[in-house]
Amino acid sequence: MKRIFIVGAGITGAVIARELAENGHKILVMDERPHIAGNCHSERDPLTGVMEHKYGPHIFHTDKKEIWNYTNRFCEMMPYVNRVKAIAGGRVYSLPVNLHTINQLFDKTLSPSEAAEFIKSLARTDIREPSSFEEQALAMVGEKIYMTFFEGYTRKQWGLDPKLLPASILKRLPLRFNYDDNYYAHPYQGIPATGYTEMVRKILEHEGIEVVLGCKFEDHNGKFDHVYYTGPIDRYFGYSEGRLEYRTLKFDTLRVKGDYQGNAVINYCDSDVPFTRITEHKYFAPWEMGSFSSSICYKEYSSQCGHEDEPYYPVRHAGYSDLLNKYIGLAKLQNGVSFVGRLGTYRYIDMDAAIAEALTAARESVSLFNCKQELPSFFIDMH
Ligand code: UDP
């Protein structure tokens, strides 16, 4: 039996804790916030009764049956399909860019094959290997769609010229030549019936796991065989090499009688609108929609993450890699500490990837524990 310390009670920390506890190890999980579940924390709004996604919308989606089954072990996943609308230039469009969006924006009635030809004629064929967000967008959809839906939103979301952002950010979004407006291309999608926090509580509910909330990891001085650290990697080292950049989100909360916007997510793509999107939380729980007479919404603003803010998105702009490499170097020198999760590895990963990596990390550890006295650090490629 090993004694393991896990810093962070979000999805990554909880999954590692559970897997190790089920293999007979003793786990202490701590988090400096007063709640578990990290940024997917949800709780009922006392005024409207709606389940609030306290750190913004979280929609679980995956193409891996094993990961879908894993979440269903701990909660009932209710079917939920994210159908996002976008407002741009005073009109409402369908997202992700699909046949409806193309026909709306260009005022046409194209068929799928005509639309594919049309977009091909607009796309920048001279950009063969897109190296930035902007090049990726221009090579995929051309100038008009890029300027309407992506340029302004992306500047607001990342605080940077899209020329300086990686192409990988745009690759998250599909482009479709049919009327499928499902935001995600994954076969398994859903939201826990009783919220993410309850799901994470169930994952952590094991006799081998102790959870301590509201304390800083720097203040902890117990003796452990191994540490899994899910906080920001630069913070672990006291920012000794400088601060990595993150974006944080701020929310203006609106409560209204009845309905506010009639959809879970509406993106505001114009750069002169200061927020990026409005989310109406009762629409994330269609199975309980009829029970509310009022509604709670978040107007979402993205900004540079200050020292006291919650980091949400790692900003992998053109110049981040030297600093990250310094931290990766330091992490490799650590004995008995593994860096995991979105913040621990400074990557823009979704919940399903976090669960998959946490399971891999924990399972590798278990097999090493069986044959070694000391556990070497588990390394995910952070590049
Ligand atoms: N994006 C955009 N316009 C939109 C939606 C997304 O330009 O209407 C870009 C933006 O740069 C964003 C990225 O696509 O950061 C990924 O979008 P996604 O909806 O996956 O962002 P998340 O929900 O993770 O914030």
Note, the stretch 177-185: 3J(HN,Hα) by Karplus (6.51, -1.76, 1.60, θ = phi - 60°), whole Hz, Gly/Pro = x, goes 9, 9, 8, 6, 10, 5, 4, 10, 8
Given 305-315, 42-52, the highest-first ranking by average Cβ count within 10 Å works out to 42-52, 305-315
For LYS332, the aspartates and glutamates lying under 19 Å Cα to Cα, once residues fewer than eight places off in the same chain are dropped, come out as ASP225, ASP234, GLU241, ASP322, GLU357, GLU364, GLU374, ASP381
Between GLU32 and ASP107, Cβ-based FRET efficiency (R0 51 Å, step 0.05) works out to 0.45
The chain: antiparallel bridges as % of DSSP beta bridges, rounded to 5, reads 60
With +1 at each Lys and Arg Cβ and -1 at each Asp and Glu Cβ, the charge dipole magnitude of the stretch 197-242 around its Cα centre, to the nearest 20 debye, comes out at 60
Candidate span helices, the chain: DSSP H, at least 20 Å along axis from Cα coords, Kyte-Doolittle average at least 0.0, result 351-371
Any lysines whose Cα falls less than 25 Å from that of LYS54, other than same-chain ones fewer than 8 residues away, would be LYS85, LYS156, LYS202, LYS216, LYS250, LYS257, LYS282, LYS299
Expected sort for 238-244, 112-118, 25-31 on mean C-beta neighbours within 10 Å, highest first, is 25-31, 112-118, 238-244
Counting Lys and Arg as +1 and Asp and Glu as -1 over every other residue whose Cβ sits under 11 Å from the Cβ of LEU122, the net charge comes to +1
Summing -39500 (n - 2.57) over every DSSP H run of at least 4 residues in the chain and dividing by its residue count gives a helix-only mean residue ellipticity at 222 nm, to the nearest 500 deg cm²/dmol, of -8000 deg cm²/dmol
The long-range amide H neighbours of GLY142, using H built 1.01 Å from N in the peptide plane and a cut-off of under 5 Å, are ARG124
Here the net charge surrounding GLU241, from other residues whose Cβ is less than 10 Å away from its Cβ (Lys, Arg +1; Asp, Glu -1), is 0
Given a Förster distance of 45 Å, the FRET efficiency implied by the Cβ-Cβ spacing of SER291 and LEU323, rounded to the nearest 0.05, works out to 0.40
Note, the stretch 157-174: 3J(HN,Hα) by Karplus (6.51, -1.76, 1.60, θ = phi - 60°), whole Hz, Gly/Pro = x, goes 5, 10, x, 9, 5, x, 5, 9, 9, x, 4, 4, 5, 6, 5, 5, 9, x
Most packed first (mean Cβ within 10 Å per residue), the peptides 334-341, 6-13, 76-83 order as 6-13, 334-341, 76-83
Per GNM of the chain with C-alpha springs under 10 angstrom, the most fluctuating residue out of THR253, THR194, THR101 is THR253
Total charge of the residues flanking GLY49 in space, meaning their Cβ is under 12 Å from its Cβ, with Lys and Arg +1 and Asp and Glu -1, is -1
With 0.36 nm assigned to each residue of separation and the Cα-Cα distance removed, ASN69 to LYS144 gains 22.9 nm
Ranked by GNM mean-square fluctuation in the chain (Cα springs under 10 Å), the top entry among TYR228, TYR260, TYR298 is TYR260
DSSP beta bridges in the stretch 2-114: the antiparallel percent, rounded to 5, is 60
Given a Förster distance of 25 Å, the FRET efficiency implied by the Cβ-Cβ spacing of ASN182 and TYR301, rounded to the nearest 0.05, works out to 0.40
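Values quoted throughout were computed directly from the atomic coordinates according to the rules given, and no laboratory measurement underlies them. It should be emphasised that the depicted structure is a prediction, and the values quoted were computed from it without experimental measurement. Cβ coordinates were reconstructed from backbone atoms using ideal geometry, including for glycine residues, and neighbour counts include every protein chain displayed.
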